[in-house]
Amino acid sequence: MKMLKNLDEMTPSQIVEELDKYIIGQSQAKRTIAVAIRNRTRRKRLPDEIREEVAPKNMILIGPTGSGKTELARRISHLSGAPFIKVEATKFTEVGYVGRDVESMIRDLMGIALQMVKKEVSENNAETIEAKVEERLLDLLLPQLDNSTGSLEEGKEKTREKFRELLKKGSFEEKEVEFQVTPAASPLGIEMFGGGNMDDIQNAMSSLTNMLKKPTKRTCTIKRAREIIREEEQDKLIDPDKINDEAKERVEQMGIVFIDEIDKIANAEGKNNSGQDVSREGVQRDILPIVEGTKVNTKWGVVDTTHILFIASGAFHVSKPSDLIPELQGRFPLRVELNELTVSDFEKILIEPKNSITMQYHELLKTEGVDVQFREDSITRIAEIAHEVNNTNENIGARRLYTILEKMLEELSFSADTLTGQTVTITADYVDKRLGNVIQDQDLSRFIL
Ligand SMILES: Nc1ncnc2c1ncn2[C@@H]1O[C@H](COP(=O)(O)OP(=O)(O)O)[C@@H](O)[C@H]1O
Ligand SMILES: [Mg+2]
């Protein structure tokens, strides 16, 4: 499922258009993100001396719970091309985390970029790889013919072509063959020294053991052999140094780090004395150099974070962005507010996104032969109820739609297998019938919805 163009080449309006397919409203946030992303492409086109001066437009997304902050991040990551990682700021306040572990986000980002580049190389060479795999599978199927010579040559060719046909048709899938497996010598080498945290050391150990392993023989079906051989051929094509360089370049020039729940590490006023807050401020101080631009050691080399784009996000119900330490505030010059979602937003969220929840339920139940149709009035009713429950209970934004739909369709989901071949139309009445008593009872709805 190759998606659209590289994030690199997309104009701001194309990025917004893509985000619109999944996220309702929040156009200001979409625009700001799109511009920040585009700015990096623009920066890449600048002459060297100016380019070094242009800093990324880091931003903080501020908006109520369930308004689409994290969803925006997820969608950006799905637009291909730029390495992307999402971390929870609170993760770094957990016991056991100390200072430099914050750098793990950059190491992880580098790992993601490597996978990405490797996958691209394989995809771009898929044809060559498949052709090689086919030849090797034929060698396995026809070993006895390998050393025959002379007049047999022609017959050999014929047999091989016949086998090729059959192989393509899938006639040999379950046939067992014996072949040599070369254990994957870690294609990325073992340059861990200097980088070293525990993960790196473990990785290095396992690639060392792999290197010492002798090729082994194993027997398996053609189907499985194809997978193994394909992987081997993919690895052969990959030049570790080139891949490393490309991944590093992408991380440094196009990488995006999304720091979620940053409000949870901000100090709300008047609470400055508890131990919790000290550790929160500590995390801010740990994050600061990475956002300011520093060099992080990874097992793939040193990564400079100066031009990585940081997008932070939080509800800021209790704390405010101004509760962050000033140096960190200064590194996130853009503030974008996301709106509280309205009933009409909820209606749209239910049906419009490409991956909408109603579509998901429809597809799930279709597998049981049940055709669920959501009539317009039911959508309105669900949206209204979600809004109401958000007002009376805790406001969890669009997340409320999930709990409501789940509850409403519980019965149907359970008995779907008995309804095969039928069409079930969900109406406003149906919604009220299924949810009526739950909503009337405040206590009940607090637990169920
Ligand atoms: N504006 C929106 N458009 C479409 N879906 C949304 C929107 N806001 C929230 N959602 C849905 O609600 C869920 C929770 O949203 P999320 O982005 O995780 O909230 P938060 O703002 O708290 O990070 C998401 O999985 C998404 O499906
Ligand atoms: Mg979130």
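Please arrange LEU401, LEU419 by counting, for each residue, the other beta carbons lying within 10 Å of its beta carbon, fewest first.
Result, fewest neighbours first: LEU419, LEU401.
For the stretch 343-448, the relative contact order is 34 percent, taking Cα pairs closer than 8 Å that sit 6 or more residues apart in sequence and dividing their mean separation by the residue count.
Could you rank the peptides 136-143, 120-127 by their average count of other C-beta atoms within 10 Å per residue, with the highest value first?
On the way: 136-143: 16.5, 120-127: 13.2.
Taking the mean over residues of other Cβ atoms within 10 Å, the ranking is 136-143, 120-127.
FRET efficiency for the LYS223 to ASP245 pair, using the beta carbon distance and R₀ = 41 Å, is estimated at 0.70.
Model label sites at ARG31 and ARG446, defined 7 Å from Cα along the beta-carbon direction, differ in position by 4.2 nm. Gyration tensor over the Cα atoms of the stretch 343-448: the corresponding equivalent ellipsoid has semi-axes (square roots of 5 times the eigenvalues, largest first) of 23, 16, 11 Å. Which residues in the stretch 307-330 have a backbone N closer than 14 Å to a point placed 7 Å from the Cα of ASP48 along the Cα-to-Cβ line? Residues passing the 14 Å test: none. Under the shape rule built on the C-alpha gyration tensor, where the axes satisfy a ≥ b ≥ c, the stretch 1-77 is oblate, since a/c reaches at least 1.5 while a/b does not exceed b/c.
Put a plus charge on the Cβ of each Lys and Arg, a minus charge on the Cβ of each Asp and Glu, and nothing anywhere else: the dipole of the stretch 343-448 about its Cα centre is then about 180 debye.
The local environment of GLU337, defined by Cβ-Cβ distances under 14 Å, has a net charge of +3 under the rule Lys, Arg +1 and Asp, Glu -1. In terms of distances greater than 27 angstrom between alpha carbons, the cross-link table entries LYS57/LYS320; LYS119/LYS175; LYS132/LYS162 yield LYS119/LYS175. Quick one: which of LYS69/LYS236; LYS217/LYS248; LYS44/LYS86 span more than 31 angstrom between C-alpha atoms? Distance filter (> 31 Å) returns LYS69/LYS236; LYS217/LYS248.
Taken together, the values in this text are just the output of simple stated rules run on the coordinates, not laboratory data. Since the structure is predicted, the reported quantities are computational estimates derived from the model, not experimental observations. When we count neighbours, we look across all protein chains shown, and the Cβ atoms used for this are built from the backbone with ideal geometry, even at glycine.
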